[in-house]
1. Return an integer: the convex hull volume of the alpha-carbon atoms of the stretch 343-461, in Å³ per residue.
2. Distance in nm between label sites at Asp160 and Asp240, each 7 Å beyond Cα in the beta-carbon direction?
3. Would you mind counting up the charge near Glu192? Only other residues with Cβ under 14 Å from its Cβ, with Lys and Arg at +1 and Asp and Glu at -1.
4. Run a plain Debye calculation on the chain (Cα atoms as equal point scatterers, no solvent) and give log10 I(q)/I(0) at q = 0.06 Å⁻¹, rounded to two decimals, same order as the q list.
5. Given H placed 1.01 Å from N in the peptide plane, which residues other than close sequence neighbours of Val80 have an amide H under 5 Å from its amide H?
6. Express in nm, to one decimal, how much length is gained between Thr436 and Glu24 on full extension, taking 0.36 nm for each residue of separation and deducting their alpha carbon distance.
7. Counting other beta carbons within 10 Å of each residue's own, what order do Thr302, Thr137 fall into, fewest first?
8. Please report the equivalent ellipsoid semi-axes of the stretch 32-102, computed as sqrt(5 x eigenvalue) of the Cα gyration tensor, largest first, in whole Å.
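Rule-based calculations on the coordinates, nothing more; no lab input. Nothing here was measured: the structure is a model prediction, and the numbers come from that model. Cβ placement follows ideal geometry from the backbone for every residue including glycine, while neighbour counts extend to all protein chains displayed.
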Amino acid sequence: MQLKFDFNNMMDAYIGEQGISEAEIEAVLPKAKEAYAYFEKNRGKGWMGWSELPYNQAEIVGDIILTAAEIRAHYKNFVVLGIGGSALGPMAVYNALCHLRYNELEPEKRGVKFYVEDNVDPERMHALLDVIDVKETVFNVITKSGATSETMSQYLIITDLLKKKCGKDWAKHIIATTSESKGNLIKLAKQEGFKTYYIPDGVGGRFSELCPVGLLPAAVLGIDIIGLLRGAANMDKACDGSDPYKNPALMAAVLSYIAMEQKGKNISVMMPYADSLKLMADWYCQLWGESLGKAVDLAGNTVHKGQTPVKALGVTDQHSQVQLYTEGPFDKVITIIGVEHFKKDIEIANGAEEFKDVNFLCGHTMGELINTERVATEYALTRSKHMNRTILLDSVNAESIGELMFFFQMETAYCGSLLGIDPFNQPGVEEGKNATYALFGRGGYEAKRAELEAAPKKNSKYII
Ligand code: PA5
């Protein structure tokens, strides 16, 4: 295992009454055992299909690798059209494992250019079309439901352009990644003859990075997708047991549960100290927020659970948010992600010998500096009794990223069980989707439209 989970600074021995005692962990052990048992009993079933992805995709992985090689050989751009769980994983893995200025590299130093379009801002769509030629581009339309307005509107704009510019071969420029059994994209894919990958039924959007949703874009980028899956399997095996002291994701969930339910920590800050992990914080925010933010529990009681995820970047946000984190309210858990060995390091050159206050930096490396600042921030947070934890990766590579993502997915699933809520649904997201359909006049949503029209009108007094 390349990942280490260090929770010292969540404990009362380090942050006093703001922290968690071993006795408090002990008291949650029966619930933790139940959460573990639930996970094991439901592996691969219902919405837990994602738990088996590290093991059951040998055939599909082979197909994806061949398709990716074809794309690299014949096209210049690969564009993902998707949103939420159909976009955040591909972006996070791209950012983690490709050159940080990948698209700007000379063509011989990279593969196809890569774009993820996860919004319906018209200026952004124009901007994309200003820099790509659709004739040289493969569009990977990713939508589990096959119905999401944002993704389907992008699909319609792009297919119209492809038909105009590519003639009879236009459908070769589309790859659909969607549910095999529901939605419109699968019907369109069959009708138009698109190459198609399936999102397995038991894999929800935010748990889908390790299925074709994430594997195809990663493979197109030349990322070792077998390594990603191997990393996930490593983490799964490391979490094999109901004793939290021997199961890192279960311990993380137990501590998060106590932090939320007993210590008033309503906010979870995700702060990687590596630019390559910056978008991992975005991916985490969706996973944690959408999974645990629920109005009702499994028994139907109104509970309004959840912990607000916030993204931050070390060291950049030391100069923006960390003042609040070290001196503000005791309402947060700050997760620091550290990287012991960067892919490349750079020495801080000599050049200001006469200025002692600058010269102390010389001879060290930027890698040393960022990691020293990480340790210093951890110290400052702990000294001010603010709850924090560190996830340390030996280095950022396909395997360690697989470990990291599976760790957070398992922590989320365990935490959902501990909270007694369903971490796999998203009624709040569906509500927004349905309201959009109604406002846009989609058939079948007339009652929702009437409901919206009956909602209280805005008071002009409050708009100035
Ligand atoms: O996690 C989820 O299920 C959601 O965030 C979805 O990923 C998001 O709404 C996009 O849905 P779809 O993939 O069906 O287009």
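1. Expressed per residue, the convex hull around the Cα atoms of the stretch 343-461 is 331 Å³.
2. About 5.4 nm, to one decimal.
3. +4
4. Ignoring solvent entirely, the Cα scatterers give -0.29.
5. Tyr115, Val116, Glu117, Asn140
6. 143.8 nm
7. Lowest to highest Cβ neighbour count: Thr302, Thr137.
8. Here the semi-axes work out to 32, 17, 11 Å.
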